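A quick write-up on the structure given underneath.
Only the coordinates and a few stated rules stand behind these numbers; no lab work does. Keep in mind that this is a model prediction, so the values were computed, not measured. Methodologically, a virtual Cβ is constructed for each residue, glycine included, from the backbone with ideal geometry; neighbour enumeration extends over all protein chains shown.
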Amino acid sequence: MTIRDIFDDMSYGPAPESATEAFDWIARHDGKFGHFINGAFIPAGQGFETRAPATGQVLAQVTQGSAADIEMAVSAARKAQSKWAALPGHRRAQILYALARLVQKHARLLAVLETLDCGKPIRESRDIDLPLVARHFYYHAGLAQLLEAEQPQMGPMGVCAAVIPWNFPLLMLAWKVAPALAAGNTVVLKPAEWTPLTALLFAEISREAGLPKGVLNIVTGDGETGAALVAHPGVDKVAFTGSTGVGRKIRAATAGSGKGLTLELGGKSPYIVFDDADLDSAVEGLVDAIWFNGGQVCCAGSRLLVQEGVAERFHARLKARMDGLRIGDPLDKCIDVGAIIDPEHLARITAMVDACDGQIHRAATDLPAGCYYPPTLITGLSAASPLMQEEVFGPVLVSMTFRTPAEAVELANNTRYGLAASVWTENVNLALDMAPKIRAGVVWINATNLFDAAAGFGGVRESGFGREGGWEGLMAWLRPKVQGKALKPVLPVDAPADPQVEGIDRTAKLYIGGKQARPDGGYSRAVWSPKGRLLGHVGIGNRKDIRNAVEAAHAAKGWASATAHLRAQVIYYIAENLSARADEFADRLRQMTGKDGKAEVEAAIARLFTWAARADKVEGRVKPVPIRGVALAMNEPVGVVGAICPDEAPLLGFVSLMAPLIAMGNRAVLVPSEAFPLAATDFYQVLDTSDLPGGVVNIVTGRHAELAPVLAGHMDLDALWSFSSSDLSARVEAGSTANLKRCWVNHGRATDWTRADGPDFQRAATEVKTVWLPYGE
Ligand code: NAI
């Protein structure tokens, strides 16, 4: 071929990146790696091969982490933790800064090794993954510096376990290790079995940053090693990224252990194109959304929703663009789409696509031999078809059309996931109207796959819980320095031998959808005063009552979009009405508990004022992300939240859970104190006279231990809090795996209800959504 031919043809020739240095590094380790524990590699043990997906070539042998290895790593991390946490924030910041600089200094080696081990195009690992890794360490160096001044009451969790996937091996390491270390924790990280190499190289490099021994430990291995790590009793927090199935197992394995948990799981993210969108940009965006890393991305825009009027044109342009994508050797700098991670995964993708009955368009590009799958577009599927609902985790896009924005929202939300979404329209009003309506943790407007350490990333629903990035992400690596004492169960007063019964019989019903309702089961129990006086009867709620209450809460969806001003007014009004009946409530508390109730009523009124005040002052943030544009951190309600109220503070505890929930726009299903339920049932009348729409607060009395698993297993509940004095943490967390709801439980520790109105309540009552808004034409 002459130079003239090349100019005529304008086709790309191969531009392979050399892998010599990466192979040299592997060779320096004799092609065998042990775990990295306490600042050094231990000798390699029995294990498995890691291969280059593109060629099948064996790259190295890594060790399968055993229970003994985990033990060694966790105890090294434990030994190092208190000294690491005791370092001044400035010293930790310096070390994180050094890690960021080292990532930059070794960027090319890390990028090439990443591409070799996971098959993603070198352009991606070099230009996206590595810069984001460095940025994450820089940003968290800053958080380490500022932490003590900004969050003086918070301290580290302790020893953290990080279990990460194979699609962004080094970036996921950075997302876990940087905030963990910034917060004063030590880490044991298990990389994915298919991609362990960059974590090992990073560990080696970390020695040059002056990271004390034991602060970062890497144990390689498969899911069994991961399971042993998360279950280890010496672990205080688990951070996981991976499949929803494994996320469920980890939720179950850690239930009731007191370990912190964040889960970043799968998705089926919608990519919505309106008819006024800049279609060429939207096509380009879509290439990035679904063919970035071969679609093996948790937030891949894998569900195209395109407005009917432009669908044909859009599909035509998309197919033309697909046909031009270059697929092949990931080390070639001209390649757009690299290899699929493993033949096993390739077989999974192939089987899923082969089983579908839609119209399939495959990119008309030659596929090299090996582990590759062509960019694929599938149309003509119904909304319920498996490919519309299940994560493929490959270069497979499914497409549907819609007519109206309302239909687009409905289709977008027709998934059990809620990770990310893209909205393409030139109409800013429409874009900003759509963003809050989509159930997702991240929304990109006229963009896709924008990430930054300052901006929170994470999901809702079965995409998991917790955020990574920003202050909101850091909070998941911290806990209050002062922990409550062990809580003793507070039990109902037993029936006396010599009951005193006087006055007119009073039976408190349940409160559902703004109306009093008889308990479905038809069971009630007597409530006695400590002196043996019958105070009334209270309904024993069951599964059906909870179902009705959750339905009523869903029906009250207008509350989520009511203005913060209105929510504040209603909560002030509740306070006013409680205040008008303060003596009556104080008397009721005295009758039930035998203690003077005045202070508790006053504290409850003050608490209502606090949350009325906060309702319109919980501000979002504008994140200074490194693009021409902004990322908005918007506080949204979590949704419909169940809360099991404390026994020991029957009115104040009830109000302390209800008020933050409704102030932030949630709807609540509250189970009052089991021992002293009548303060909450008297409260119906306060709610009825306070302009609170029916269904925003629902109250189901009953036995905590019976209702907790019902609430935990409810598929339409977005979160569940438990402050019961009988420690229900294990039951709540274990029961929550069905829809992976957010749980907030007391782990059997006492809460000081006179002070319980802090930012932790606000955080638990809100979901941070990051909305990315690039500027420009
Ligand atoms: P996976 O969820 O099985 O693996 C992720 C990590 O968890 C790996 O390090 C693995 O060794 C570990 N692990 C597996 N079982 C475990 C257990 N019981 N306890 C603790 N750790 C355990 O993901 P896999 O098999 O690599 O991919 C399967 C599917 O998961 C993909 O097809 C895709 O749908 C999804 N996935 C989602 C990711 C995301 O970023 N959300 C990333 C990777 C996979």
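Derived value for the stretch 437-596: Kirkwood hydrodynamic radius 21.2 Å. Basis is the mean of 1/r over every pair of different alpha-carbon atoms. For the chain, the 222 nm mean residue ellipticity estimated from helices alone, with every DSSP H stretch of n ≥ 4 adding -39500 (n - 2.57) and the total spread over all residues, rounds to -12000 deg cm²/dmol.
Averaging Cα coordinates gives a centre for the stretch 276-291 and one for the stretch 756-773; these two points are 31 Å apart. Annotation: average projected area of the stretch 576-682 is 7.8 square nanometres, based on the convex hull of Cα atoms across all directions. When you have a sec, figure out the Kirkwood radius of the stretch 457-528 from all distinct Cα pair distances and drop it here in Å to one decimal? It is 18.5 Å.
In terms of surrounding Cβ atoms within a 10 Å radius of their Cβ, CYS118, CYS356 rank from fewest to most as CYS356, CYS118.
Between the stretch 214-274 and the stretch 593-630, how many Å separate their Cα centres? Comparing the Cα centres of the stretch 214-274 and the stretch 593-630, I get a distance of 31 Å.
Other residues with beta-carbon under 11 Å from the beta-carbon of TRP772 carry, at +1 per Lys or Arg and -1 per Asp or Glu, a net charge of +1. In terms of the mean number of neighbouring beta-carbon atoms within 10 Å, the peptides 160-171, 518-529 order highest first as 160-171, 518-529.
Charge tally for ASP222 (other residues, Cβ to Cβ under 15 Å; Lys, Arg +1; Asp, Glu -1): -3. Computed from Cα atoms, the angle from the helix 704-713 axis to the main principal axis of the chain rounds to 30 degrees. Take the Cα radius of gyration of the chain and divide it by 2.2 N^0.38 Å, N being the number of residues; the result is 1.01. The eigenvalues of the Cα gyration tensor, multiplied by 5 and square-rooted, give the stretch 524-584 an equivalent ellipsoid with semi-axes of 31, 23, 5 Å from largest to smallest.
Among PHE202, PRO156, VAL230, pick out the residue whose Cα is farthest towards the positive end of the charge dipole of the stretch 151-239, where Lys and Arg carry +1 and Asp and Glu carry -1 on C-beta, about the Cα centre. Towards the positive end, the residue furthest out is PRO156. Remark on the stretch 481-521: Rg and Dmax equal 17.9, 50 Å (Cα only).
Against the chain, whose longest principal axis is taken from its Cα atoms, helix 428-437 shows a tilt of about 60°. In plain terms, the residue of PHE7, PHE314 with the fewest other Cβ atoms within 10 Å comes first and the most crowded comes last, giving PHE7, PHE314.
Net charge within 11 Å of GLY328 by Cβ-Cβ distance, Lys/Arg positive one each and Asp/Glu negative one each, not counting GLY328 itself? So the surrounding residues net to -3. Ranked by the mean number of other Cβ atoms within 10 Å of their residues, highest first, the peptides 422-429, 363-370 fall in the order 422-429, 363-370.
Magnitude of the charge dipole for the stretch 166-252, about its Cα centre and with charges confined to Cβ atoms of Lys, Arg (+1) and Asp, Glu (-1), is about 280 debye.
Over the stretch 135-294, the reciprocal of the mean inverse Cα-Cα separation, the Kirkwood hydrodynamic radius, stands at 17.4 Å. Three principal axis extents describe the C-alpha atoms of the stretch 356-449; from largest down they are 47, 26, 22 Å.
Principal-axis analysis of the Cα atoms of the chain puts helix 197-206 at an angle of about 80° to the longest axis. Once C-alpha pairs closer than 8 Å and six or more residues apart are averaged by separation and normalised to the residue number of the chain, the relative contact order reads 12 percent.
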